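In what follows, a single structure is set out as structure tokens and then discussed.
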Amino acid sequence: MNLDRIRQEFPVVQRCTYLNHAAVGTLPTRAREAVRAYVEDFNEHAASNYRDWEAAIETARSRAARLINATPEQIAFVKNTTEGLCFAANGIDWRSGDNVVLNDLEFPSNVYPWFNLAQYGVETRMVESVDGRLTVDSIADRIDTRTRAVSISHVEFGNGFRNDLAAIGALCREKDVCFVVDAIQSLGQTPVDVEEMAIDLLTADGHKWLLSPEGIGVFYCAPHLTDRLRLYEVGWNSVADAGNYDAYDPTPAPTARRFECGSHNTLGIHALGASLDLLLEVGIDAVQGRLRLLTDRLVDGLRDAGYRVLSPRGASEWSGIVTFDSPVHETEALHRTLRSHQIIGARRGGGIRISPHFYNTEDEVLRVVAALPGH
């Protein structure tokens, strides 16, 4: 990894110490240039080059598929993670008395779409975390013969705990339960393999670790569910013969494109495609290795300075998120102190959440420790 060359993609490093990718990531230069080229083309030629835009969309689709070991036919573009989770929650053919298994570490986007099913008599079962962790056994204990889905984040947003998707996926496959994954906090920082992890449905917005703008994300649907998942949004682009505007044939597209009911966010997809190009060029394994180095240095520094690290750090549970607090200082005061030093993190998970990316340096993460008050 040529770090000096990579850092040229991120001019933000000249302006602040940006360590908040679990909230909103930054935009690499190649993504900015992809957007600029698209806007200039649109401005100067209107839609004359629309087929070129369509080609860029399909290139981005292929890159997204490659990132998770899927095929392009299994990928749809969505507005955000929430939309993908709504496709999952509203697409299952529920019966009164069915249930879905969630947990108490989830971001609201992976809770409210399922809560909304109460109107159909669907029960939401919450697994309680212990010390900021979830176990496969605790999930298994909540599954019964009426469980239709387990929905879980790969990486939990508050403390960065990384769930064992392969084990949970195997459990769901054994129990014939739909396995739904919110991957917004993992895609771009952690390897994801939908085949090895037995994932049925997955969704992730691009604006965090995927280094893209808000308003564009991806949705994966396993082949065995494409025809079984009920569509609650349909439009001109979701049908098999999408280019034939004179024949009203509602037959859905045979691929995940059936979830794209209307016109694409072409500008956002241009940016996402460029950012995916960078991540695939570097390699997700290399990104994860870099994040292990950076977060280990940060954790060691915080502990040496008397701070409490709230994020699980075991070999199979760590992520690029480090959340910490102090036994002495108030969290809000610590947040203000970091901001005064142009160090950008967030208040989450009961403390301060720091989330570097692969282009950050050891010096940058250690600035956090240097700026904090002593104990």
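Quote the relative contact order of the range 104-242 in percent (integer), defining contacts as alpha-carbon pairs under 8 Å separated by 6+ residues. Please list the in-between numbers first.
Values: 175 pairs, mean separation 22.4, N = 139.
Reported relative contact order: 16 percent.
In Å², and per residue, what accessible area does the chain have when probed at 1.4 Å with the other protein chains present?
Values: 16060 Å² over 375 residues.
Spelled out: the 1.4 Å probe surface of the chain, per residue, equals 43 Å².
Put a dot 7 Å past each Cα toward the Cβ at Ala286 and Ala47; how far apart are the dots in nm?
Inter-label distance under the simple model: 4.0 nm.
Mind ranking Tyr248, Tyr120 by accessible surface for me, highest first, 1.4 Å probe? Spell out each step's value before the answer.
Values: Tyr248 210, Tyr120 120 Å².
Largest accessible area first, the list is Tyr248, Tyr120.
Assuming R0 = 25 Å, can you tell me the calculated FRET efficiency for the pair Ala242 and Asn116, based on Cβ-Cβ distance, to the nearest 0.05?
Result of the calculation: an efficiency of 0.30.
Report the Stokes-Einstein translational diffusion coefficient (µm² s⁻¹, integer) for the chain, Rh taken as the Kirkwood radius over Cα pairs, at 25 °C with viscosity 0.890 mPa s.
Numbers: Rh = 21.6 Å.
It diffuses with D of about 114 µm²/s by this estimate.
Within the chain, what whole-number % of the accessible surface is contributed by carbon and sulfur, with the 1.4 Å probe and all protein chains included in the calculation?
Working: 7800 of 16060 Å².
Exposed carbon and sulfur together represent 49 percent of the surface.
Could you tell me the accessible area of Ser311 in Å² (1.4 Å probe, neighbours in place), rounded to the nearest ten?
10
Explain nothing, just the number: relative contact order of the range 130-200, from Cα pairs under 8 Å at least 6 residues apart, as a whole percent.
Details: 78 pairs, mean separation 23.9, N = 71.
For the range 130-200, the relative contact order is 34 percent.
Hey, got the dipole for the range 185-327? About the Cα centre, +1 on K and R Cβ, -1 on D and E Cβ, debye to the nearest 20? Please report the intermediate quantities before stating the final value.
Details: 11 positive and 20 negative charges, 100 e Å.
With Lys and Arg at +1 and Asp and Glu at -1, about 480 debye.
If I model a spin label as a point 7 Å beyond the Cα along the Cα-Cβ vector, how far apart are those points for Asp131 and Glu332 in nm?
3.2
Can you give me the relative contact order of the chain as a percent, contacts being Cα pairs under 8 Å and 6 or more apart? Display every interim value, and only then the final one.
Details: 732 pairs, mean separation 85.3, N = 375.
Averaging sequence separation for qualifying contacts and normalising by length gives 23 percent for the chain.
Under the classification rounded if a/c is under 1.5, otherwise prolate if a/b is larger than b/c and oblate if not, where does the range 112-225 fall, given a ≥ b ≥ c as square roots of the Cα gyration tensor eigenvalues? Walk me through the intermediate numbers first.
Details: a/c = 1.44, a/b = 1.36, b/c = 1.06.
Since a/c stays below 1.5, the shape of the range 112-225 is classed as rounded.
Assign one of three labels to the range 244-375, namely rounded, prolate or oblate, based on the Cα gyration tensor with a ≥ b ≥ c the square roots of its eigenvalues; rounded applies when a/c is under 1.5, prolate when it is not and a/b is larger than b/c, and oblate otherwise. Mind showing how you got there, number by number?
Values: a/c = 2.86, a/b = 2.40, b/c = 1.19.
In terms of gyration-tensor shape, prolate.
Specify whether the C-alpha gyration tensor of the range 161-291 places it in the rounded, prolate or oblate class, a ≥ b ≥ c being the square roots of the eigenvalues: rounded for a/c under 1.5, otherwise prolate if a/b is larger than b/c and oblate if not. Please list the in-between numbers first.
Numbers: a/c = 2.81, a/b = 1.31, b/c = 2.15.
Note, shape of the range 161-291 comes out oblate.
Considering only C-alpha atoms, what is the centroid distance from the range 54-123 to the range 218-232, in Å?
So the separation of the two Cα centres works out to 9 Å.
If the label point is 7 Å along Cα→Cβ of His375, which residues in the range 270-308 have backbone nitrogen under 14 Å from it?
Within reach of a label on His375: 299-308.
Under a point spin-label approximation (7 Å from Cα along Cα-to-Cβ), what is the Asp4-Glu54 distance to one decimal in nm?
Rounded to a tenth, the inter-label distance reads 4.5 nm.
The values are calculated or read from the model by the stated rules, or taken from the named source; none is laboratory data. Every value quoted in this text rests on a predicted model; they were computed, and no experiment measured them. FYI the Cβ positions are ideal-geometry reconstructions off the backbone, even for glycines, and counts take in every protein chain you see. With ligands, DNA and RNA removed, areas are computed over all heavy atoms of the protein, side chains included. Shrake-Rupley method; radii C 1.70, N 1.55, O 1.52, S 1.80 Å.
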